[in-house]
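*Asks:* Sending over a structure as structure tokens; questions will come in a sec.
The values are calculated or read from the model by the stated rules, or taken from the named source; none is laboratory data. Everything numeric in this text was worked out from a predicted model, so none of it was measured. Cβ: placed from backbone, ideal geometry, glycine included. Neighbour counts: every protein chain shown. All accessible areas refer to the heavy atoms of the entire protein, side chains included, with ligands and DNA or RNA removed. Shrake-Rupley method; radii C 1.70, N 1.55, O 1.52, S 1.80 Å.
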Amino acid sequence: MLLGHMKDPRWPASEEALADARDFLRALKDRHVVVAPHPSVDGLAAGALVLRALQAVGARVKAQVPAKGEHAFSPTFQQRLRAAQADAWVVLEMSSDAMDDSVAPPDLPTLIVAPQAAPAGKAGTTVLSARGLEPAVSCSLLTYALVSPCVVPGPLEWLAVLGTVADQGVDAPIPFLKDALRRAGRTAVTESVALLNAARKSSRYAAPLALGVLLRAGSATDITRGNVPGVDTLHDCRLEVQREVLRCSKTPPRIASPVALLLFSSEAQVHPQVAVRWAQRLPEHIIIAANAGYLPDRVDFAVRSRTPMELGGLPLNATGGSLSREDFLRFAAGLGFKGLRDIDVERRGAFPG
């Protein structure tokens, strides 16, 4: 059995929802379509799958990966979408910001494939979701189920495996994952996930290049063996991220019990890894790893704790967020970190902060 191919008509999505989404894709023959995948490995794998399917149905397709700090519904991304003069667009996976009810899709026929998306609330928008289903579904697996009738599914199964492993790990309780992982090559898949994940975390933000690698590769082994262009850059990204994690993890913490705050500056997205490392060192604290260098004039932060704790007044979700420098200073002051100044959250590029 191929990954995700079950007789259960409800999983990984209802037959009715899959049929509606397939009708959307098939109606795009000879149309100009922009595909906007999330820059995560799962999102990029889903993007590669739907690009293959659209090419198979005869659409004229172009991929547009959101830039660093963007999501598909960001004003800057929407501006580029309008400039592309597309007839329709497909959004694959979404950040939590993009799933805000206040955000509306553009006035274009739109297909959203996102496991946790809410039903469509606007005419012209089709949503394929796996919300509430067990086991949880990755975006790449949901997309694979969607496009399988439009392509020869066997040779593309590895993309669904890759995205699922990136999203949920090798031991995810997905039917037939163990067999599919064996076919794709477990070591090649996990190594490819690490390389592709580093692409968007690197300061060079090579997520578009990572998508190109996925489109050129015929297997995970093609990536690990460097059989396609772009893999050398992925290795460079991985080395950079590893070095930045080590450098920024040397930051001395500021303590306002029960919170430990680490302030540093890096253009790489390393604050989640730094927070995880310090949560292991200070298991009795809530760790906030705050990166003033990732985006201009903003502080991006990750929150981690080894034990369940409450953080009163946290304005965003429990894993972190992004605030303007002024808002972050107010946020930190509210947690007990008095006296922080603008200089403490200056962007310093690759230099220790």
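*Asks:* Counting other Cβ atoms within 10 Å, keep those with at most 16, restrict to DSSP loop, and tell me which trypsin sites (Lys or Arg not before Pro) in segment 191-248 are left.
*Replies:* The qualifying sites are ARG204, ARG225.
*Asks:* Could you look at segment 1-89 and say what percent of its accessible area is carbon and sulfur, using a 1.4 Å probe and all protein chains?
*Replies:* Carbon with sulfur: 49 percent of the solvent-accessible area.
*Asks:* So, one more: Per residue of the chain, what 222 nm ellipticity follows from adding -39500 (n - 2.57) for every DSSP H run with n ≥ 4, rounded to the nearest 500?
*Replies:* After summing the helix terms and dividing by residue count, I get -12000 deg cm²/dmol.
*Asks:* Helix 157-168: angle to the longest alpha-carbon principal axis of the chain, degrees 0 to 90, nearest 10?
*Replies:* The answer is roughly 30 degrees.
*Asks:* Once you've got the GNM for the chain with C-alpha springs shorter than 10 Å, pick whichever of THR307, THR233, THR221 has the biggest mean-square fluctuation.
*Replies:* THR307
*Asks:* Here is a further query. For the chain, with a Gaussian network of springs between Cα atoms less than 10 Å apart, report the residue from HIS271, HIS38, HIS285 with the top mean-square fluctuation.
*Replies:* Maximum among the listed residues: HIS285.
*Asks:* Here is a further query. Hey, what do the phi angles of segment 35-48 turn into as Karplus ³J(HN,Hα) couplings, whole Hz, using 6.51/-1.76/1.60 and θ = phi - 60°, x for Gly and Pro?
*Replies:* Coupling constants for segment 35-48: 9, 10, x, 5, x, 5, 4, 4, x, 5, 5, 4, x, 4 Hz.
*Asks:* Go through THR187, THR126 and list them by solvent-accessible area, largest first, probe radius 1.4 Å.
*Replies:* Highest to lowest solvent-accessible surface, that is THR187, THR126.
*Asks:* I would also like to ask the following. At a threshold of 8 angstrom on Cα-Cα distance, excluding pairs fewer than six apart, so keeping six or more, what relative contact order does the chain reach in percent?
*Replies:* Taking the mean separation of contacting Cα pairs over the length of the chain, I get 13 percent.
*Asks:* Taking 29 Å as the cut-off for C-alpha to C-alpha distance, list the pairs among LYS68/LYS178; LYS62/LYS178; LYS29/LYS201; LYS62/LYS122; LYS62/LYS201 that go past it.
*Replies:* LYS68/LYS178; LYS62/LYS178; LYS29/LYS201
*Asks:* Taking θ as phi - 60°, what are the ³J(HN,Hα) couplings along segment 234-242 by the Karplus curve (6.51, -1.76, 1.60), each to the nearest whole Hz, with x for Gly and Pro?
*Replies:* 4, 5, 4, 4, 5, 4, 4, 4, 4
*Asks:* I'd like the orientation of helix 186-201 relative to the chain: the angle between its Cα long axis and the longest Cα principal axis, in ° from 0 to 90, rounded to 10.
*Replies:* Between the helix axis and the principal axis of the chain, the angle is about 60 degrees.
*Asks:* Only bridges with both residues in the chain count here: give the DSSP antiparallel percent, nearest 5.
*Replies:* 35
*Asks:* Apply 1/(1 + (r/R0)^6) to the Cβ-Cβ distance of THR76 and ARG10, taking R0 = 25 Å, and write down the FRET efficiency to the nearest 0.05.
*Replies:* The formula returns an efficiency of 0.10 here.
*Asks:* Tell me the angle of helix 75-84 to the major Cα principal axis of the chain, expressed in degrees between 0 and 90 and rounded to the nearest ten.
*Replies:* 30
*Asks:* Another one. What's the magnitude of the charge dipole for the chain around its Cα centre, counting Lys and Arg as +1 and Asp and Glu as -1 at the beta-carbon? Answer in Debye, nearest 20.
*Replies:* That gives a dipole near 760 debye.
*Asks:* What is the diffusion coefficient of the chain in µm²/s, taking the Kirkwood radius over Cα pairs and the Stokes-Einstein relation at 20 °C with a viscosity of 1.002 mPa s?
*Replies:* The diffusion coefficient I find is 101 µm²/s.
*Asks:* To continue, here is another question. What FRET efficiency would be calculated for the residue pair GLN280, ARG341, taking the C-beta separation as r and a Förster radius of 30 Å, to the nearest 0.05?
*Replies:* 0.50
*Asks:* Moving to a separate point now. Roughly speaking, what is the stretch gain from SER322 to ALA123, that is 0.36 nm per residue apart minus the C-alpha to C-alpha distance, in nm to one decimal?
*Replies:* The SER322-ALA123 span can extend by a further 68.5 nm.
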